[in-house]
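Q: Take a look at the following structure, please.
Derivation of every value follows stated rules applied to the coordinates shown; laboratory data play no part. Please read all numbers here as calculations on a predicted model, not as lab measurements. Virtual Cβ from ideal backbone geometry, glycine too; neighbours counted across all protein chains shown.
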Amino acid sequence: MDSRRAPRTVIDPKVRQVGFFAPPDRSQSVPLLQNSNSPPSPPLSDLSPSGNSLSPVMIPPPRHLSDLSSRAVPVGFPPNRLLSPLHRFSGESVIPVGSYNPSEFASPSVGDFFEEKNAQSPGPRRSRGVGGSGKFASSLPAGGFELPPEVKPKSLTTVSVVSNLQPNVTEKVGEQSNESQDGRGANSKPLKEKTSKAERRALQEAQRAAKAAAKAEGNAGSGVANSVNTKAGKASKAPVQKKDNVSVAASEKRGGERMTDKDRKKDVPHPRMQFDDTSRVEKAKKRAVVKQTEVRNRVELFRHLPQYEHGTRLPDLEKKFFRLNSVHPAVYKVGLRYLAGDISGGNARCIAMLQAFQESIMEYSPPKEKALNRDLTAKLNSYVSFLIECRPLSISMGNAIKFVKSRIANLPLTLSESEAKTNLLSEINKFINEKIILADKVIVQHAVTKVRDGDVLLTYGSSSAVEMILLHAHELGKKFRVVIVDARPKLEGRLLLRRLLGKGISCTYVHLNGVSYIMSQVTRVFLGASSVLANGTVYSRVGTACVAMVANACGVPVIVCCEAYKFHERVQLDSICCNELGDPDAILKVQGREEINDLKDIANDENLQVLNLTYDATPSDYVSMIITDYGMIPPTSVPVIVREFRKDQILI
Amino acid sequence: MLDTHALVHDFLNKLKRRKIEGSKGTAKLTAELLRTVISQQRIPNTNQAGALVDAIKAIGEQLVAANPVELAVGNVVRRVLHIIREEDLSLMTSAIGGPSLSVISDDENDVDRDDYPVLSAAAVAASARNALRAPSLQTLLEDMSHSAAVHHSSSSVDDSEEKTKSTDKNSRSRKLKHNVIETVNELIQDIAACHEQIAEQAVEHIHHNEIILTLGSSRTVIEFLCAAKEKKRSFRVFVAEGAPRYEGHILAKELIGRGLQTTVITDSAVFAMISRVNMVIVGAHAVMANGGVIAPVGLNMVALAAQRHAVPFVVLAGIHKLCPLYPHKPEVLLNELRAPSELLDFGEFSNCMDSSTGTGFPLLHVANPAFDYVPPKLVSLFITDNGGHNPSYMYRLIADYYSADDLVLQRKPAS
């Protein structure tokens, strides 16, 4: 952190080293980052450090911006000043303005630097990327760094790109930010063939001119745009790169806060669709792609939740395959797999969805005369509603969708289609890698420290994070026994049991009802979570609350493992207001026990209702500790993480 | 004699093989068996009661050993022993107390008669069981055995008046046997009728539009709920299915057959649903002297959840389930592990269940306990066939039904 602060104070020379540099520098920079980041972060120390460590990544751009804009005023660009305060947050947008100040940035040396960088794009990008991930991971224990090799280039590019993206970019702002975006967008394309500098420049100019012209017709601020146009891309680029390192201005702080305020207002979770509101349900039905039959006897308490017959939907959907033009085949496939229950578990569902989005974005091209952001957002919305019809979204998926949408919304309009797409793809990749895969690794690192020799660890159902912890602890040679508690109707524990036995871990298998019997032998309870809500409530597979409660009654510590991207600002006290209903038939039939069929013949009796809940809410006082990628925290600290994490998500 | 041996043996086998399940059925069969044993028992001229008690104890010990977890067996054996002692005492007092009849009977008339119109020893015993005797100064002052004698002397008054001075040994022994058998018959009837007795109280506990949660299956619970339904109470029942035996399905079917609105939920959803539940009503396997409950597996979880949400946790139990023992580590010692095949398919995991892993220990253990122990602090109320009781009151009920000499059925190894 110190090392990051230092360059900021000294403006020019160091900028080049840290921000972008020729290949020789790269070898230096990596160790430098590691030195600076890894030692000060012992896994536990972390909450506030992690917050801090993120802030250097995020805060600088706005600072620079204000810096620039304040400087710009005397130079005289009234249109910019007229732009709403939003501009302050959208650092990128104002940067071109800053770039007009020739005294500061337009030095030829900088320009040269740029050219050099462009020519050798893979090199610098990589190094920057490493820097970025290092920053991100600074709160993580040392082991958490290894990205899979193929991941690297992508996350790198994203880092450089991400810094451009600011929330709440208005169209105008986007317009003005073109230059910088153009240049950088081109750079950030990992696979772009090396066209000559001149060609590229020409291309950019042409695009810019076209867009600016189009804009100028309707736009009062066109003057600005024009003037921007006249400027060379080279000048515009420099500030962009610099903004990471420019010194802090107090005003920015304010700006940042305001942004979160505004953002907070915007992001207060919408009340969910209530399915006992008939008019809205009717409307939704008209829109629906999937024809859904409602379950016969719905449980009174849960009329507000969607509950559909399971069996009828799959064939129905399959038939419709060729008629569903609006849904991309990849999304369609994922939807079907949700419906069939092939993919379950928060992470798996989320990754599958994001990858489907990636695929659809790859093959996406906006219709003429439509802005990419808007059209793509609409497209995405239709995909999401399709997925919701297949299975209600998990909270983690909701967060991921929010992330993708914000990225789309913040795409500068000036980006060419392919650039925008690459940009998005790499953003999504980065989300998957950092928020899910890396986060799991970090959680494992933390959690393994809580496993001692001779422990008896209890887990419920099948959580991917917990499974990784157990396997890792086993690899480390720790001697422990695992108690797997399982419950109907999913019996996911059996699969986990199979996998653990395959690795040679000694297991005890118990049904949920027998948990009080076994709990006296247990020394730790590890649980997964679908989400952690802001009041510390752990929203997880139904039955988790029972296990946590019994553990609490027996004085056994309960450790919840959950990636921070699953945290949500919503609060919930019970498991009824918000939940997901599963297939009721799964309860009537007992898998593998055909002799139990008492309810089959009366399944249609109007007095019989069958309730198959999917989630429940574990009160925070049953939870001793939550292990997340930001470290090990008590449940009371969840709102802090939620706040930090959201900021981080927006500003990355 | 041979007959009874064969019978006892047969019953023992059934118990050992767990052919008989359910505490009520077991209790009834045990009582019937003991009745035959008593009727077949040849009684010596002296110390008849002692001989009977010894015989019953010997059999009782075997029965308890056959299925130590089924506490109802021991309970019934103790009840029968208690009955024998009672009857013997009453006969003795009638024989000895003949001359002093006037004194005692006067006394007793004041204290007891007006409360309990006395018909026979059995009736008195039953009435004593069904309601508590009002504490009288006398009973408090007299020592324990005397008070018991006094108690029964009241009953013997009529008998002794009817058959005055029947000092003939033969008739006395016949009378003892006869009385005992009659009382045991009553016990059997009590056991059979405990459902109705408990169900009668349903209206007092279930109100309109309530939501009631139960787990597993219990005949008593079904009768209780249906009794409330018959009284035009409309309410809804959540039935947790009670894996791995899924008795909840049977219960749900029964309830639906009787027209109750029933919702079947998984066991895991208990915590989620309990916040909307007004009352938890469950059956029990046995009630211990401290007020703890040995219950079908899963109920401890339900009780904890109920406590968390301050939902009353009501246990229905016939008196025959009341066990005079104090539990120690009941969740292990009074538990039974059932076949793992109820949880896992042997075929699927057979390679993990043997000790072929080389370490000597199989990798996979499957625990399938049959019972849970619910500590007394989690129980709000017991409803028995003689009314509702607090868990803390259970020890006192025990004094009414069992004599202290019988609490330990096992004979000393020396003897």
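Q: Quick one: B:MET273, A:MET632, A:MET625, B:MET301, fewest Cβ neighbours within 10 Å first, how do they rank?
A: The order, fewest Cβ neighbours first, is A:MET625, A:MET632, B:MET273, B:MET301.
Q: In nm², what is the average projected area of the convex hull enclosing the Cα atoms of region B:1-51?
A: 3.9
Q: Can you list the trypsin sites (Lys or Arg not before Pro) in region B:25-65 that are in a DSSP coil and have 11 or fewer other beta carbons within 10 angstrom?
A: Answer in residue order: B:ARG42.
Q: More than 20 Å apart: what percent of Cα pairs in region A:547-634 qualify? Working shown, then result.
A: Working: 2171 of 3828 pairs.
It works out to 57 percent of all Cα pairs.
Q: Something else now. Rank these for me by crowding, B:PHE371, A:PHE275, going from fewest to most other beta carbons within 10 Å. Don't skip to the end; give the middle numbers.
A: On the way: B:PHE371 26, A:PHE275 18.
Taking fewest neighbouring Cβ atoms as first place, the list is A:PHE275, B:PHE371.
Q: Now for a separate question. Measure off 7 Å from each Cα along the Cα-to-Cβ vector at B:ILE96 and A:THR636, then give the distance between these two points in nanometres to one decimal.
A: According to this spin-label approximation, the distance is 7.0 nm.
Q: In what sequence do B:LYS229, A:LYS283 fall when counting other Cβ within 10 Å, fewest first? All intermediate terms of the calculation are to be shown ahead of the outcome.
A: Values: B:LYS229 19, A:LYS283 12.
Exposure proxy ranking, most exposed first: A:LYS283, B:LYS229.
Q: Just need the Rg to Rh number for region A:435-496, please, alpha carbons only, Kirkwood Rh.
A: Ratio of gyration radius to Kirkwood radius: 0.99.
Q: Determine the gain in length on full extension of the stretch A:THR449-A:ALA409; use 0.36 nm per residue of separation and subtract their C-alpha separation, reporting nm with one decimal.
A: 10.3 nm
Q: Roughly what would the spin-label model give for B:ARG18 and A:GLU417, points 7 Å off Cα along C-beta, in nm?
A: Taking the two extended label points, one gets 6.9 nm.
Q: Now for a different question. Report the convex hull volume per residue for region B:181-338, counting only C-alpha atoms, in Å³.
A: Per-residue hull volume (Cα only) is 129 Å³.
Q: Then there is this: With the Cα gyration tensor of region B:207-282 in hand, give its eigenvalues times 5 under a square root as the equivalent ellipsoid semi-axes, listed largest first in whole angstrom.
A: 18, 15, 9
Q: Further question on the same structure: Just grab the label-to-label distance for B:SER234 and B:GLN189, each label 7 Å out from Cα along the Cβ direction, in nm (one decimal).
A: 4.0
Q: Can you compute the radius of gyration and Dmax for region A:346-493, using only the Cα atoms, both in Å?
A: 19.9, 67
Q: So if I restrict to the alpha-carbon atoms in region B:258-335, what is the Rg, and what is Dmax, the biggest pairwise distance, in Å?
A: 13.9, 42
Q: I'd like the trypsin sites (Lys or Arg not before Pro) in region A:579-638 restricted to DSSP loop residues with at most 13 other Cβ atoms within 10 Å, sorted by number.
A: Passing sites in region A:579-638 are A:LYS600.
Q: Once the Cα gyration tensor of region B:194-250 is found, what semi-axes does its equivalent ellipsoid get, as square roots of 5 times the eigenvalues, in whole Å, sorted largest first?
A: 21, 14, 7
Q: Along the principal axes of its C-alpha atoms, what lengths does region A:442-577 span, in descending order and rounded to whole Å?
A: Projected onto its principal axes, the Cα set of region A:442-577 covers 41, 33, 28 Å.
Q: Averaged over every viewing direction, what's the projected area of the C-alpha convex hull for region A:496-643? Give it in nm², one decimal, please.
A: Result: 11.1 nm².
Q: Region B:31-74: D in µm²/s via Stokes-Einstein (Kirkwood Rh, Cα pairs, 10 °C, 1.306 mPa s)? Could you put the intermediate results ahead of the total?
A: Numbers: Rh = 11.1 Å.
Estimated via Stokes-Einstein, D reaches 143 µm²/s.
Q: Still on this structure, please answer the following. Treating region A:453-526 as a set of equal point scatterers at the Cα positions, no solvent, please give the Debye-formula log₁₀ I(q)/I(0) at q = 0.11, 0.24 Å⁻¹.
A: Listed by q, the Debye log ratios stand at -0.23, -1.11.
Q: Moving to a separate point now. So for each of B:237-245, B:210-218 I average, over its residues, the number of other beta carbons within 10 Å; can you give me the resulting order with the highest mean first?
A: B:237-245, B:210-218
Q: Something else: Starting from region A:323-401, pick out the trypsin sites (Lys or Arg not before Pro) whose DSSP state is loop and whose Cβ has at most 16 other Cβ atoms within 10 Å.
A: Taking region A:323-401 and a limit of 16 other Cβ atoms within 10 Å, the loop trypsin sites (Lys or Arg not before Pro) found are A:ARG323, A:LYS368, A:LYS370.
Q: Figure the gain on full extension for A:ARG643 and A:CYS554 (residue separation times 0.36 nm, minus the Cα-Cα span) and round it to one decimal in nm.
A: Length gained between A:ARG643 and A:CYS554: 28.7 nm.
Q: What share of the DSSP beta bridges in region B:233-342 is antiparallel, in percent to the nearest 5?
A: 15
Q: Normalised by the residues of region A:421-491, what does the relative contact order come to in percent, with Cα pairs under 8 Å and at least six apart?
A: Working: 54 pairs, mean separation 24.4, N = 71.
Across region A:421-491, relative contact order equals 34 percent.
Q: For region A:331-383, what does the equivalent ellipsoid look like in terms of its semi-axes, each the square root of 5 times an eigenvalue of the Cα gyration tensor, given largest first in whole Å?
A: Three semi-axes, in Å: 26, 9, 9.
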